[in-house]
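What follows is a single structure, written as structure tokens, with notes after it.
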Amino acid sequence: MAARRLRSGLGQLFATRTALGRGRRAYNTSQAFAEVLRLPSKQLTKLVFPLQELERHLVPGSRPDFHLKTFDPSLEDIAKSDGVFTATVRNRIEYLSSAVSLDHAPDLLCPEVCFIGRSNVGKSSLIKALFSLAPEVEVRVSKKPGHTKKMNFFKVGKYFTLVDMPGYGYRAPEDFVKMVETYLKERKNLMRTFLLVDSVVGIQKMDNIAIEMCEEFALPYVMVLTKIDKSSKGHLLKQVLEIQKFVDTKTQGCFPQLFPVSAVTYSGIHLLRCFIANITGNLKTNGFQVS
Ligand code: GDP
């Protein structure tokens, strides 16, 4: 019965299962993703492709600026990227070190991605959600805003490093701008910056500090919209459309497609993992070219 429903609703599922049947890591990935694949298609879309789910509430074809197809991986790709984020004996995912300046940052050659955002935007929670397949990794989630005063480096096997940057805004470290600016400007292996914006309140004055930095240094960056579980569908859609308009009209280096996420429901987390796997050169999704 379940198999019949999946066969009709999710054409790619069986191809995915076949592909996942090969090799040990693929088997682990299959286990981690199996529950997601068992969901009815509407719930699966909401969890894995939250932007597509939102688009259903618009007049068809009325918003070509929604950029749904810029990054549009298959379920198989998404399952594979979960493998990159799954801790195993051969794929050690761990906290590496903290640094107060670029001079103190670990000297690494592998690709790197960094996460920046206002204090309280949900950065620690998001990183924790991304690392949920490596539960032993400790990401500090604080109730007090501005707790992250250093750059925290995490190693994801041989694949890439992820940097948790200090939150800016209220009680941000005084030398925040200097520390972050130097890192963004000079870090040679930095592949992409993930700039977090709270989807409940949209782009705030403080967010513009980071946006302007990325634009000024001509960095490729991506806007991630956090806490999407907190708003009604109508409010979320309004915010997404406003932010999309901002990205389309006011930015040069921002990736056109937005990444809405929730660290509570895990909506959008799998897609973001898959995007990171592509950006860092560890997965090649058909039709997507890393620029
Ligand atoms: P940071 O300062 O940017 O690291 O933010 P935190 O991750 O510490 O989150 C700040 C607050 O927002 C905490 O109370 C979190 O529980 C809450 N939060 C973070 N992400 C989400 C989310 O996706 N949904 C909801 N409802 N709350 C969230």
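The values are calculated or read from the model by the stated rules, or taken from the named source; none is laboratory data. Just so it is clear, the model here is predicted, and its values are computed rather than measured. No Cβ is skipped: glycine too gets one built from the backbone with ideal geometry, and neighbour counts run over all protein chains shown.
Some notes on this structure:
- For the stretch 75-95, the tally of residues that are surrounded by fewer than 16 Cβ atoms within 10 Å (Cβ to Cβ) and in contact (Cβ under 8 Å) with a residue 24 or more places away in the chain stands at 4.
- Test: residue in the stretch 155-177 that is touching a residue at least 12 places away in the same chain (Cβ under 8 Å) and part of a helix (DSSP H, G or I): yes
- Some residue of the stretch 23-30 being within 28 Å of Phe131 (Cβ to Cβ), of a type in the set (Lys, Arg) and either at pLDDT below 90 or surrounded by fewer than 19 Cβ atoms within 10 Å (Cβ to Cβ) (or both): yes
- Filter pass, Lys238 being at pLDDT 95 or above, over 20 Å from Asp72 (Cα atoms) and of a type outside the set (Phe, Trp, Tyr): no
- Filtered by the rule that a residue be of a type in the set (Phe, Trp, Tyr) and under 13 Å from Phe194 (Cα atoms), the stretch 102-142 gives a lone residue, Phe115.
- Qualifying residue in the stretch 115-136 (condition: modelled with pLDDT of 95 or more, closer than 24 Å to Asn189 by Cβ, assigned to a helix (DSSP H, G or I) and among the β-branched types (Val, Ile, Thr)): yes
- The set of residues in the stretch 210-243 that are in a helix (DSSP H, G or I), among the small types (Gly, Ala, Ser) and more than 20 Å from the chain's Cα centre (by Cα) contains only Gly234.
- When we screen Leu54, Leu58, Leu96 for residues that are more than 14 Å from the ligand (Cβ to nearest atom) and in a strand (DSSP E or B), the only hit is Leu96.
- Residue check for Thr193: in contact (Cβ under 8 Å) with a residue 60 or more places away in the chain and not aromatic (Phe, Trp, Tyr): yes
- When the stretch 235-254 is filtered for residues that are closer than 19 Å to Phe194 by Cβ and loosely packed, with under 12 Cβ neighbours inside 10 Å, only Gln252 remains.
- Flag: Lys46 matches the condition of being among the basic types (Lys, Arg), within 16 Å of the ligand (Cβ to nearest atom), modelled with pLDDT of 85 or more and surrounded by fewer than 22 Cβ atoms within 10 Å (Cβ to Cβ).
- Candidates Phe115, Phe71, Phe131 - the one that is among the aromatic types (Phe, Trp, Tyr), in contact (Cβ under 8 Å) with a residue 24 or more places away in the chain and away from the ligand (no atom under 16 Å from the Cβ): Phe71
- The stretch 189-201, residues that are over 21 Å from Ala277 (Cβ atoms) and touching a strand residue (DSSP E or B) at 6+ places or on another chain (Cβ under 9 Å): Val197, Asp198, Ser199, Val200
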